[in-house]
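A.B. asks: Structure incoming, see below.
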Amino acid sequence: MYQQTSTDFSSNRPNRPNRPNRPNRPNRPNTLGATASNYFYLEDISLKFGNIPALSSIQLTIERGEILFITGASGAGKTTLLKVLAGHTKVDSGRVESPCFMRNGPFISEIFQDLRLMNKASCDDNLNISYDPALYAKKADFEQDKQELCRILGVSDRLHLKAQDANGGLKQKIAIIRSLLCKPDILIADEPTCSLDVENAKKIFDVLNLYNTKRGLTVVWASHNRDLVKQFTGRIVHLDGGKLVYSGHACFI
């Protein structure tokens with residue numbers, strides 16, 4: 001039987017203004033799996049698409065402030081697992097505890113494989129859509145964050161390009177910057193560097209690692225490239241045929 005529940009994190013997170021149209025909800029008591037230190041808790045979850053197993057008996061806890069890599073070959077279940085964590089897909093059986101089921105819980109930002117940019121808008125306009133006056137004391141603070149991220153990732157001179165005219169690497173960088181400008185508590189990224197070379201992929205990780213260290217950002221990063229992930233710090237879970245077959249630090253792969 002499938003269960004989805006949530007845990008109240010509001011008393012254990014830094015103060016931040018409420019987002020528009022996100023009304024407060026009554027606090028809920030902590031449950032067994034998800035706690036103030038655990039953002040996600042999956043207990044023996046399974047999911048099939050027709051007769052094809054997508055996830056089988058997955059047991060997983062993701063702690064607050066953790067960097068987690070999900071690896072596996074194409075079709076191993078990485079994207080499906082991300083969709084479960086983000087609340088987009090329900091499982092057939094097992095228990096899912098996630099902050100995405102709470103309106104007043106930690107804010108989750110996502111980077112999709114298809115990036116979901118506004119193709120006819122400029123790269124700069126794709127970033128400006130992230131501006132939220134509830135998160136920034138003044139617009140200048142947003143512009144400062146935007147310019148700094150664009151400088152670090154080397155896209156400042158190409159912001160005038162329409163998204164439809166940008167190459168794959170630039171599009172991925174814009175999608176990542178856009179997500180970070182939302183000041184998320186949790187970033188869920190599906191193959192965020194698949195169009196980037198190793199040097200630029202390392203830059204992306206360095207930025208996310210900085211946000212993790214300075215702002216407590218929790219990162220869940222799916223990648224088929226274990227050789228790349230081995231160069232990063234964090235925990236890795238490896239999927240094979242929808243089953244979780246390894247969990248440990250990336251450097252020990």
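No value in this document is a laboratory result; all are computed from the given coordinates. Because the structure is a prediction, the values reported are computed rather than measured. Reconstructed Cβ throughout: ideal geometry from the backbone, glycine too, with neighbour counts over all protein chains shown.
A.B. asks: In what order do Val219, Val198 fall by count of nearby beta-carbon atoms within 10 Å, going from fewest to most?
C.D. replies: If I rank by nearby Cβ atoms, fewest first, I get Val198, Val219.
A.B. asks: Now for a different question. Just subtract the alpha-carbon distance of Lys120 and Ala73 from 0.36 nm times their residue separation and send over the number in nm, one decimal.
C.D. replies: Extending this stretch completely gives an extra 13.6 nm.
A.B. asks: Using the 10 angstrom Cβ neighbour count as an exposure proxy, how do Tyr246, Tyr136 rank, fewest first?
C.D. replies: Taking fewest neighbouring Cβ atoms as first place, the list is Tyr246, Tyr136.
A.B. asks: Give a residue-ordered list of calculated ³J(HN,Hα) values for segment 237-246 (Karplus: 6.51 cos²θ - 1.76 cosθ + 1.60, θ = phi - 60°; whole Hz; x for Gly, Pro).
C.D. replies: 10, 10, 9, 9, x, x, 10, 7, 10, 8
A.B. asks: OK, next. Using θ = phi - 60° and the Karplus curve 6.51 cos²θ - 1.76 cosθ + 1.60, what whole-Hz ³J(HN,Hα) does each residue of segment 146-163 get, with Gly and Pro shown as x?
C.D. replies: My calculation for segment 146-163 gives 4, 5, 5, 5, 5, 5, 4, 8, x, 10, 4, 8, 10, 5, 6, 5, 5, 4 Hz in order.
A.B. asks: Going by C-beta contacts inside 10 Å, put Thr218, Thr61 in order with the fewest on the left.
C.D. replies: With the fewest neighbours first, Thr218, Thr61 line up as Thr61, Thr218.
A.B. asks: If you take the beta carbon distance between Lys203 and Gln59 as r and set R0 to 35 Å, what does 1/(1 + (r/R0)^6) give as a FRET efficiency, to the nearest 0.05?
C.D. replies: Rounded to the nearest 0.05, the efficiency is 0.55.
A.B. asks: If you take the Cα Rg of segment 44-133 and divide it by 2.2 N^0.38 Å, with N the number of residues, what do you get? Working shown, then result.
C.D. replies: On the way: Rg = 16.0 Å, N = 90, 2.2 N^0.38 = 12.2 Å.
Relative to the 2.2 N^0.38 Å estimate, segment 44-133 comes out at 1.31.
A.B. asks: Between the alpha-carbon centers of segment 85-106 and segment 37-75, tell me the distance in whole angstrom.
C.D. replies: That distance is 12 Å.
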